[in-house]
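The values are calculated or read from the model by the stated rules, or taken from the named source; none is laboratory data. Keep in mind it's a predicted model, so treat the numbers as computed, not measured. With ideal geometry, Cβ positions are generated from the backbone for all residues, glycine too; neighbour counts draw on all protein chains shown. For accessibility, only protein heavy atoms count, side chains too; no ligands or nucleic acids. Shrake-Rupley method; radii C 1.70, N 1.55, O 1.52, S 1.80 Å.
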Amino acid sequence: MSLTDSSANGTVLTIFLKGHIDSANAADTEKEINDARSAHPECTSLIIDASDLEYISSAGLRVILRLRKAYPDLKVVDVSAEVYEIFDMTGFTEMMKIEKAYREISVEGCEVIGQGSNGKVYRIDRDTIVKVYKNPDSLPDIQRERELARHAFVLGIPTAIPYDVVKVDGGYGSVFELLNAKSFAKWLAAEPESLDEIVRISVDLLKKIHATTVKPGDMPDMRKVALKWASFVREHLAEEKGEKLYRMVEEVPVDYHMMHGDYHIKNVMLQDGEVLLIDMDTLCHGHPVFEFASIFNAYQGFSCVDHDNIKSFLGITYEQGAELWAKTLEYYFDDKTPEERAAIADKAKILGYTRILRRSLRRHPDTDREVIEFCRKEIERLLETTDSLIW
């Protein structure tokens, strides 16, 4: 009985492993593989398809190790969870590319309950949601978000932890269990009169996040990201304004307090009376001015020219967004005077408009001309009366 199959496509030879490979049949398996290699001398790359592989012992692993010497770019694909664990425990996942087999699901017709810069969150059923990533080669992004979510969870931040990875429409997604949870956006849509309560609860969680310190290297430094924004944008402002903007961002001190990075009412969920944070790929650390720049953009900045943008993004009106922004400032900075809160808002707006200006200049310089001009004027106007981004 054959232990392998093979197929060639151009310069790529694929070997299909079957059943159990152990000391009793490893030599025969290796012979079959080498016979296939000899039959296809034109193939310079090798893929091991493990979709039908049920078990592999150390003898079988040594066969793969010898193949890797001949094919440095060797990869093993469609590996079951049980076989992947063997590869992982023995260190093979660190030596070569080992790809798990992922079940495929469809999100067609599913409700979108959240979205961010890297993907959309869909409800699959009453108990389950999936975040589908925009990048089709998103496995590293998924691993990164899982690590960030784990760090936050260990530090006491209430967040949903992904328990599975799936294939979705040619890309990948992370699956979470959220038992009948609803976003604050859905709560607000159903009960507009609850806006005040929604803001108070979201501010309580935001303060908890910002009171949490992280270890250097555990999360990205938002200050470094903002410096890239300012470096790009300063060339598109009046010279003295561009230099001032960059200097002000540079003067923001390094801060190891946690930030969510994309905090708004679609990324905060309510489950059985408990608050949960989702969309954790933007987790970072830094001064809270960076967080408030992101909040301003979600509630006002991204809709600065087209006030209907917020309706498609958060499902609320521009006026509701303005109220969310104002009350978030009021409740978070309840020890500040209205004048002090207005000054903090201006600092956040400078960074928020800087981010939007950079994005529009890079992605849509022709179609976003009105947005570009609006942001440019607002940044320069605010820089007239603002000399520091910190408080």
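In region 114-133, how many residues are touching a strand residue (DSSP E or B) at 6+ places or on another chain (Cβ under 7 Å) and outside any strand (DSSP E or B)?
Of the residues in that region, 3 qualify.
In region 8-29, which residues are open to solvent by less than 80 Å² (accessible area, probe 1.4 Å), in a strand (DSSP E or B) and of a type outside the set (Val, Ile, Thr)?
Passing the criteria: 8, 13, 16, 17, 18, 19.
State which residue is surrounded by the most Cβ atoms within 10 Å (Cβ to Cβ) when the search covers only region 68-113 and only residues that are part of a strand (DSSP E or B) and touching a Ser or Thr at 6+ places or on another chain (Cβ under 6 Å).
By that ranking, first place goes to 113.
Given the conditions (1) within 30 Å of residue 279 (Cα to Cα); (2) open to solvent by 20 Å² or more (accessible area, probe 1.4 Å); (3) part of a strand (DSSP E or B), which single one is not true for residue 47?
(1)
What do you reckon, is residue 254 touching a Lys or Arg at 6+ places or on another chain (Cβ under 8 Å) and of a type outside the set (Phe, Trp, Tyr)?
So residue 254 fits the description; yes.
What residue, among those in region 221-234 that are in contact (Cβ under 8 Å) with a residue 24 or more places away in the chain and touching a Leu at 6+ places or on another chain (Cβ under 8 Å), is nearest to residue 292 (Cα to Cα)?
Applying the filter and picking the extreme gives 226.
If I filter region 371-391 for residues that are small (Gly, Ala, Ser), modelled with pLDDT of 95 or more and part of a helix (DSSP H, G or I), do I get at least one hit?
Scanning region 371-391, I find no residue that is small (Gly, Ala, Ser), modelled with pLDDT of 95 or more and part of a helix (DSSP H, G or I), so the answer is no.
Taking residue 335 as meeting all but one of (1) among the charged types (D, E, K, R); (2) open to solvent by 40 Å² or more (accessible area, probe 1.4 Å); (3) modelled with pLDDT of 95 or more; (4) outside any loop (DSSP other than H, G, I, E, B), write down the number of the exception.
With respect to (1) among the charged types (D, E, K, R); (2) open to solvent by 40 Å² or more (accessible area, probe 1.4 Å); (3) modelled with pLDDT of 95 or more; (4) outside any loop (DSSP other than H, G, I, E, B), residue 335 is out only on (4).
Using the structure shown, decide if residue 327 is among the basic types (Lys, Arg), assigned to a loop (DSSP other than H, G, I, E, B) and surrounded by fewer than 20 Cβ atoms within 10 Å (Cβ to Cβ).
It is false that residue 327 is among the basic types (Lys, Arg), assigned to a loop (DSSP other than H, G, I, E, B) and surrounded by fewer than 20 Cβ atoms within 10 Å (Cβ to Cβ).
Could you grab me the full set of residues in region 200-211 that are without any contact (Cβ under 8 Å) to a residue 60 or more places away in the chain and closer than 16 Å to residue 282 by Cβ?
Selection gives nothing.
Only one residue in 316, 310 is in contact (Cβ under 8 Å) with a residue 60 or more places away in the chain and either open to solvent by less than 40 Å² (accessible area, probe 1.4 Å) or more than 23 Å from residue 199 (Cα to Cα) (or both), so which one is that?
316 is the lone residue from the list that is in contact (Cβ under 8 Å) with a residue 60 or more places away in the chain and either open to solvent by less than 40 Å² (accessible area, probe 1.4 Å) or more than 23 Å from residue 199 (Cα to Cα) (or both).
Among the numbered criteria (1) over 25 Å from residue 209 (Cβ atoms); (2) open to solvent by 70 Å² or more (accessible area, probe 1.4 Å), which single criterion is violated by residue 164?
Tallying (1) over 25 Å from residue 209 (Cβ atoms); (2) open to solvent by 70 Å² or more (accessible area, probe 1.4 Å), residue 164 fails exactly one: (2).
Considering only region 146-175, how many residues are modelled with pLDDT under 85 and within 16 Å of residue 285 (Cβ to Cβ)?
0
I'd like the full set of residues that are in contact with a helix residue (DSSP H, G or I) (Cβ under 8 Å, 6 or more places away or on another chain) and either of a type in the set (A, V, I, L, M, F, W, C) or outside any loop (DSSP other than H, G, I, E, B) (or both), limited to region 246-266.
Hits for region 246-266 are 246, 248, 249, 250, 252, 254, 257, 258, 259, 265.
Does residue 283 satisfy being hydrophobic (A, V, I, L, M, F, W, C), open to solvent by 10 Å² or more (accessible area, probe 1.4 Å) and in contact with a strand residue (DSSP E or B) (Cβ under 8 Å, 6 or more places away or on another chain)?
no
Only one residue in 387, 366 is without any contact (Cβ under 8 Å) to a residue 40 or more places away in the chain and either farther than 17 Å from residue 261 by Cα or surrounded by fewer than 21 Cβ atoms within 10 Å (Cβ to Cβ) (or both), so which one is that?
Result: 366 is the single residue among 387, 366 that is without any contact (Cβ under 8 Å) to a residue 40 or more places away in the chain and either farther than 17 Å from residue 261 by Cα or surrounded by fewer than 21 Cβ atoms within 10 Å (Cβ to Cβ) (or both).
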